[in-house]
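Derivation of every value follows stated rules applied to the coordinates shown; laboratory data play no part. Source: prediction; values computed, not measured. Note that each Cβ is placed from the backbone with ideal geometry, even for glycine, and that neighbours are counted across all protein chains shown.
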Amino acid sequence: MNISENSRVWIYQANRILIQDEELAILQMLHNFTAGWLAHGHALAALGEVLHHQFIILSVDEEVAGATGCSIDKSVNLMKEIEQKFNLNLFDRFRIAYRQNNEVLSCSREQFEELIKSGQISEDTLVFNNLITNRHEMQTAWEIPLKDSWHSRVFLF
């Protein structure tokens, strides 16, 4: 599906890497959900995807129809269903994803702080900003150096 770069996004980061069978099953669940996702009876132009084997992303082109509180609640319920079915945690906002040696890794806030202290993570380490809100930001502001992200305000160098 072609979806506008202005489309709204929600990023859910898994607490572990998904294996191929899990990823395929989640993609099917996302496809089934987005195919019937409605807001006040209007079909949403939506896309569900899995990136880097750990990020589940929902996008809605609000130029077609806007997501509402009820439709967003339905998407959260889907994520809770995915959590239970695959024994995941998708709502841990203190889990930090970063790139090291071209591999996407994630860890707890405490572990991340230790990696900074030990010098394994620097201000130039690429981190994932899961607070972005649209598809354009996915291309420009999702994966950025630590020094340019909100993370830099939390972790001292």
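Using 0.36 nm per residue and subtracting the Cα-Cα separation, the extra length available between residue 31 and residue 109 on full extension is 24.9 nm. The stretch between residue 17 and residue 122 holds 35.5 nm of extra length on full extension. This uses 0.36 nm per residue minus the Cα-Cα distance. Net charge dipole, the range 1-82: roughly 200 debye, given to the nearest 20, about the Cα centre with Cβ charges of +1 for Lys and Arg and -1 for Asp and Glu. Annotation: extensible slack from residue 91 through residue 77 equals 3.9 nm (criterion: 0.36 nm per residue apart, minus Cα-Cα distance).
Here the Karplus relation 6.51 cos²θ - 1.76 cosθ + 1.60, evaluated at θ = phi - 60°, turns the backbone of the range 28-44 into coupling constants of 5, 4, 5, 4, 4, 5, 5, 5, x, 6, 10, 10, 6, x, 9, 5, 8 Hz, with x for every Gly and Pro.
Packing order of peptides 49-59, 71-81, highest average first: 49-59, 71-81 (average count of other Cβ atoms within 10 Å over each peptide's residues). For the peptides 125-134, 23-32, residues were scored by their other Cβ atoms within 10 Å and the scores averaged per peptide; the highest-first order is 125-134, 23-32. Between residue 68 and residue 154, how high is the FRET efficiency from 1/(1 + (r/R0)^6) when r is the Cβ-Cβ distance and R₀ = 25 Å? Nearest 0.05. That gives a FRET efficiency of 0.20. The candidate values were (i) 53; (ii) 41; (iii) 31; the one computed from these coordinates for percent of Cα pairs over 23 Å apart carries the label (ii).
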